[in-house]
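Only one structure is covered here, and it is reproduced in the block below.
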Amino acid sequence: MGFWKSLFTASDAAAASRPAQPEGQAAPVMTTNSGTRIFFSTDREIDLYELEELCDAVGWSRRPLRKVKKAIQHSFLVVSMWEQRGAQRRLIGFSRATSDHAFNATIWDVVVHPDFQGKGLGKALMKQVIKKLRSEDISNITLFADPQVVEFYRHLGFMSDPEGIKGMFWYPD
């Protein structure tokens, strides 16, 4: 429960002491010795070709860009993660969530570039998404996970079928 608790214990004083960020951009998650910064954004204006490149890097199947654009436009929340070196920015992580705007949200499309995996950035991305959803008073957060990433989400406090509820799916023939 430590992960979840950390989302709700940040002091207002700490938040007030951070420098102001451009709209939709959070304070850097990490700054390296070489001056590279990693930061989050909730700006939906994402280059779809750059997003497709990120998804290709992790081996996801290609999806029609018009549908990806529509999915982003109709999402309740979009969080992207960027690497910035000088004036150069590169998309290195992405996630989005759909919601009923009251009780429930489902997280989709969590992706972190392979060069940045294993450094805690996937956890930071998820923490940012959950923090934003909780700030909107969303209390029931779900996601779908491929078998190879179930443990990653379990370490973040997600549970498989917490009350024995079985999901049901309908697919066209």
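The values are calculated or read from the model by the stated rules, or taken from the named source; none is laboratory data. Because the structure is a prediction, the values reported are computed rather than measured. Cβ sites come from the backbone with ideal geometry, for glycine too, and all protein chains shown count toward neighbours.
If you take just the helices (runs of 4 or more DSSP H) that sit entirely in the range 31-139, which of them hold at least 2 residues that are at positive phi and among the hydrophobic types (A, V, I, L, M, F, W, C)?
Output list is empty.
Within the bounds of the range 138-160, is there any residue that is among the hydroxyl-bearing types (S, T, Y) and buried (at least 18 other Cβ atoms within 10 Å of the Cβ)? Show your work before the answer.
Here is the first cut: in the range 138-160, the ones among the hydroxyl-bearing types (S, T, Y) are 139, 142, 153, 160.
Keeping just the survivors that are buried (at least 18 other Cβ atoms within 10 Å of the Cβ) gives 153.
There is at least one residue in the range 138-160 that is among the hydroxyl-bearing types (S, T, Y) and buried (at least 18 other Cβ atoms within 10 Å of the Cβ).
Please work out which one of (1) out of contact with any helix residue (DSSP H, G or I) (no Cβ under 9 Å at 6 or more places or on another chain); (2) under 24 Å from D146 (Cα atoms); (3) at pLDDT 95 or above; (4) loosely packed, with under 15 Cβ neighbours inside 10 Å is the condition M1 fails and give its number.
The one condition M1 does not meet is (3).
Tell me, yes or no, whether the range 99-107 has at least one residue that is farther than 26 Å from R154 by Cβ, out of contact with any strand residue (DSSP E or B) (no Cβ under 6 Å at 6 or more places or on another chain) and of a type in the set (D, E, K, R).
Scanning the range 99-107, I find no residue that is farther than 26 Å from R154 by Cβ, out of contact with any strand residue (DSSP E or B) (no Cβ under 6 Å at 6 or more places or on another chain) and of a type in the set (D, E, K, R), so the answer is no.
Restricting to the range 124-170, what's the tally of residues that are basic (K, R) and free of Cβ contacts under 8 Å to residues at least 60 places away in the same chain?
Here the count works out to 2.
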